[in-house]
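The values are calculated or read from the model by the stated rules, or taken from the named source; none is laboratory data. Computed from a predicted structure; not experimentally measured. Every residue, glycine as well, gets a Cβ built from its backbone with ideal geometry; the counts of neighbours run over all protein chains shown.
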């Protein structure tokens with residue numbers, strides 16, 4: 001029991017400042033724009049791919065840390081027609097063998113307008129319950145504008161920093177936030 005209590009304290013120390021830190025609208029808008037530009041630079045056909053989408057979520061910075069108990073948090077925005085129309089936070093927790101910390105960026109592409117509408121109508125949307133997101137393994141040699149994805153929602157994770165094994169967004173909760 002003391003060990004579990006110790007893990008909870010470590011978790012709070014690691015995530016206390018991150019989860020309660022709120023980015024200003026202007027800072028988040030700038031980070032979203034820069035993240036989209038980075039994605040375009042790192043992919044072949046990325047710009048054309050994004051233009052075809054009914055909408056996509058951009059999370060410039062998702063922070064993940066854990067030691068047996070872990071969690072992650074990030075803030076981002078929904079881009080429709082090249083403009084940020086609303087803001088979201090993403091949070092998840094996990095228990096199991098894990099150790100480390102990392103920061104990463106993520107773009108979640110809504111390929112089906114019905115899934116985008118369903119996502120936007122909800123105040124809280126949980127991966128695995130309200131819908132599923134497929135994490136795409138991609139590289140610079142693949143032209144994204146020519147790929148026919150079979151899933152209605154796909155995620156691109158990039159710009160990883162830090163050491164932590166595994167990328168999963170199962171169980172993540174997306175909540176609309178005010179900026």
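Taking the conditions exactly as written (at pLDDT below 90 and either surrounded by 13 or more Cβ atoms within 10 Å (Cβ to Cβ) or in contact with a helix residue (DSSP H, G or I) (Cβ under 9 Å, 6 or more places away or on another chain) (or both)), does residue 39 satisfy them or not?
So residue 39 fails the test.
Take the stretch 91-105 and flag every residue that is under 30 Å from residue 52 (Cα atoms) and either in contact with a helix residue (DSSP H, G or I) (Cβ under 8 Å, 6 or more places away or on another chain) or at pLDDT 95 or above (or both).
Within the stretch 91-105, 91, 105 meet the criteria.
For the stretch 118-139, what are the residues that are modelled with pLDDT under 95, closer than 27 Å to residue 47 by Cα and surrounded by fewer than 19 Cβ atoms within 10 Å (Cβ to Cβ)?
118, 121, 131, 132, 134, 135, 136, 137, 138, 139
For residues in the stretch 140-174 being out of contact with any helix residue (DSSP H, G or I) (no Cβ under 8 Å at 6 or more places or on another chain) and closer than 17 Å to residue 60 by Cβ, which is modelled with the lowest pLDDT?
Only one residue tops the list, namely 162.
Tell me yes or no: at least one residue of the stretch 33-53 is part of a strand (DSSP E or B), within 17 Å of residue 104 (Cβ to Cβ) and in contact (Cβ under 8 Å) with a residue 60 or more places away in the chain.
Checked against the condition, which is being part of a strand (DSSP E or B), within 17 Å of residue 104 (Cβ to Cβ) and in contact (Cβ under 8 Å) with a residue 60 or more places away in the chain, the stretch 33-53 yields no hits at all.
Those residues that are in contact with a strand residue (DSSP E or B) (Cβ under 7 Å, 6 or more places away or on another chain) and over 21 Å from residue 159 (Cβ atoms), I need them from the stretch 69-93; list them, please.
If the condition is that a residue be in contact with a strand residue (DSSP E or B) (Cβ under 7 Å, 6 or more places away or on another chain) and over 21 Å from residue 159 (Cβ atoms), then 69, 80, 85, 86, 93 are the ones that fit.
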